[in-house]
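Participant: Once you've had a glance at the structure underneath, I'll fire off some questions.
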Amino acid sequence: MIQVPKDKMHCIAPLFSASDHTLIRSCLEGCMGDAWADRLEAPTAAKICTTDFCFLSGNPDSPVAEELAAVLPDGYSHPWCYIIPLQTIWEPVIEHVHTGKQFPVQRYSLYKEATAFHLDTLQRQAVPPQGNYRISPFDLSTYLTSQKEE
């Protein structure tokens, strides 16, 4: 497993091309996060770590797949992270290397399109809620409600 230099992120970009995660894009653009791969020349498996999230992509049969799934970056601020397999074929690798230490968590994404937010509306809403309104986590109930409104 080798760390991918910021100026070589383009080498692993094809492994993450199907993803629209902002954290992945930020790493590939060199803005934040770090990445590792089995090799720089025509990599087959890679990991991107940004904040508390590590994304795995490529071939889970790579000789370094277990190392990619198991190793947290040096200087990582937590003894844990969210490991997100971009392909479900990575799940057995994650379960194997983290046996007894992992548990699945469902996360819900928001729209990422630039037109999804209206700046003036956001600025008006960036005040404490009035009346019977409250701020609450974006949980399963909220997610299901948002899906009905599409």
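The values are calculated or read from the model by the stated rules, or taken from the named source; none is laboratory data. Keep in mind it's a predicted model, so treat the numbers as computed, not measured. Note: ideal-geometry Cβ built from the backbone for every residue, glycine included; neighbour counts use all protein chains shown.
Participant: Looking only at residues in region 78-93 that are in a loop (DSSP other than H, G, I, E, B) and under 20 Å from H21 (Cβ atoms), which one is nearest to the chain's Cα centre (by Cα)?
Facilitator: L86
Participant: With respect to the numbered conditions (1) in a loop (DSSP other than H, G, I, E, B); (2) on the phi < 0 side of the Ramachandran plot, which one is the sole condition not fulfilled by G100?
Facilitator: Checking G100 against (1) in a loop (DSSP other than H, G, I, E, B); (2) on the phi < 0 side of the Ramachandran plot, the one that fails is (2).
Participant: What is the one condition in (1) within 12 Å of V4 (Cβ to Cβ); (2) touching a helix residue (DSSP H, G or I) at 6+ places or on another chain (Cβ under 8 Å); (3) not small (G, A, S) that P60 does not satisfy?
Facilitator: (1)
Participant: Going by the structure shown, is A46 under 26 Å from K101 (Cβ atoms), within 14 Å of the chain's Cα centre (by Cα) and not hydroxyl-bearing (S, T, Y)?
Facilitator: yes
Participant: Give the number of residues within region 101-150 that are at pLDDT below 75, out of contact with any Leu (no Cβ under 9 Å at 6 or more places or on another chain) and not hydrophobic (A, V, I, L, M, F, W, C).
Facilitator: 7
Participant: Here is a follow-up. In region 103-135, what residues are part of a loop (DSSP other than H, G, I, E, B), β-branched (V, I, T) and out of contact with any strand residue (DSSP E or B) (no Cβ under 8 Å at 6 or more places or on another chain)?
Facilitator: V127, I135
Participant: In this structure, does W80 turn out to be modelled with pLDDT under 85 and surrounded by 10 or more Cβ atoms within 10 Å (Cβ to Cβ)?
Facilitator: Answer is yes for this residue.
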